[in-house]
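Report on one structure; see the data block that follows.
The values are calculated or read from the model by the stated rules, or taken from the named source; none is laboratory data. Given the structure is predicted, the values throughout are model-derived calculations rather than measurements. Here Cβ is always computed from backbone atoms with ideal geometry, including for glycine, and neighbour counts include all displayed protein chains. What goes into the accessible areas is simple: the full protein's heavy atoms, side chains included, and nothing from ligands, DNA or RNA. Shrake-Rupley method; radii C 1.70, N 1.55, O 1.52, S 1.80 Å.
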Amino acid sequence: MIRLTGLVACLCAASPAFAGKIFVSNEKGNDITVLDSESFEVLTSFPGGQRPRGITASPDGKRLYVCASDDNLVRVFDTETYEELPTLPSGPDPELFILHPSGNPLYIANEDDNIVTVVDVETRTVLAEVPVGVEPEGMGISPDGKFVVNTSETTNMAHFIDTESFEIVQNVLVDQRPRFAQFTADGSRLLVSSEIGGTVSVIDPANGQIEKKITFEVPGVLPEALQPVGVRVTKDGSKAYVALGPANRVAVVDGTSWEVTDYLLVGQRVWQLAFSPDEKYLFTTNGNSNDISVIDVAADEVIQSVQVGEQPWGVVVVD
């Protein structure tokens, strides 16, 4: 018995620690790059469909969902083997999507049809089609799963959709071309980025009131290049990060005052952002330089860039 216990201990000690994976959707390359989340080394790549953009994973980390925009569907992959699983219906031109906190259903923005499609990921059936504004893009969901928010680029609104009735219960007018919606972890605030308006609206979801509009100013960068797109907020709510597109910067924002405290220089045409599960790192996709930047969250410092595929757009980290 003692020798068996010792053998088990020896085998456990010899086994390498499991590292997570970073999945990056490459819009022009039509593939997915996979990186090790600790070493940041590229592990492999695999086909992701035509014009893959939005990307997310199931809560258990076993399935990867990819908006294949030009295929008009959502492709699904095994995160361990990279084998393609049965696809999900999506409606035309899926751009971004968000999973319910439980992992089902999936809420998809269909830009060409001006609808949000709700899909059961287990039965692969459409549960509802919710008419929204013109050119829906961003998708966010409250932590309690009661409301999903869609941003419509041309209507310039954030639409609050009840996840039980699939009815719009509130519309909030924001600045021009809203691209992304992100709730704080406690659900008390919603951040909506407006790409052409150059602002991020901080909204109280309870009443739809805009409490603050975050603005940006970088010396030597033209105001029209400051185009907010991807947004992420730390779990403790202390900081928010905003990707500023062609400004090649990520803004660091204080989560209490909503004032910008720093600008981090990243790659060219930064699109989307994703934290590592422990929030030690923040990863950015840089569409024109074909790389990702790695940000040390504690230090607010860019520590590395890694080449991926052609025009990286979306990113998700699987633990």
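Observations, loosely collected:
- Fraction of accessible area attributable to carbon and sulfur, the chain (%, probe 1.4 Å): 49
- Segments 185-193, 150-158 sorted - mean Cβ within 10 Å per residue, highest first: 150-158, 185-193
- Shape class of segment 264-319 from the Cα gyration tensor (axes a ≥ b ≥ c, square roots of the eigenvalues): oblate, since a/c reaches 1.5 or more and a/b does not exceed b/c.
- Å² per residue, accessible surface of the chain at 1.4 Å: 42
- Annotation: peptides 283-296, 122-135, ranked by per-residue average of other Cβ atoms within 10 Å with the highest first, follow the order 283-296, 122-135.
- The chain: most fluctuating residue of LEU264, LEU43, LEU106 per GNM, C-alpha cutoff 10 Å: LEU43
- Protection proxy ranking of 63-70, 255-262, 218-225 - average other beta-carbon atoms within 10 Å, highest first: 63-70, 255-262, 218-225
- Segment 63-129 and segment 214-230 have Cα centres spaced 32 Å apart.
- For the set LYS146/LYS239; LYS28/LYS146; LYS62/LYS239; LYS28/LYS213; LYS28/LYS62, the pairs lying more than 31 angstrom apart at their alpha carbons are LYS28/LYS146; LYS28/LYS213.
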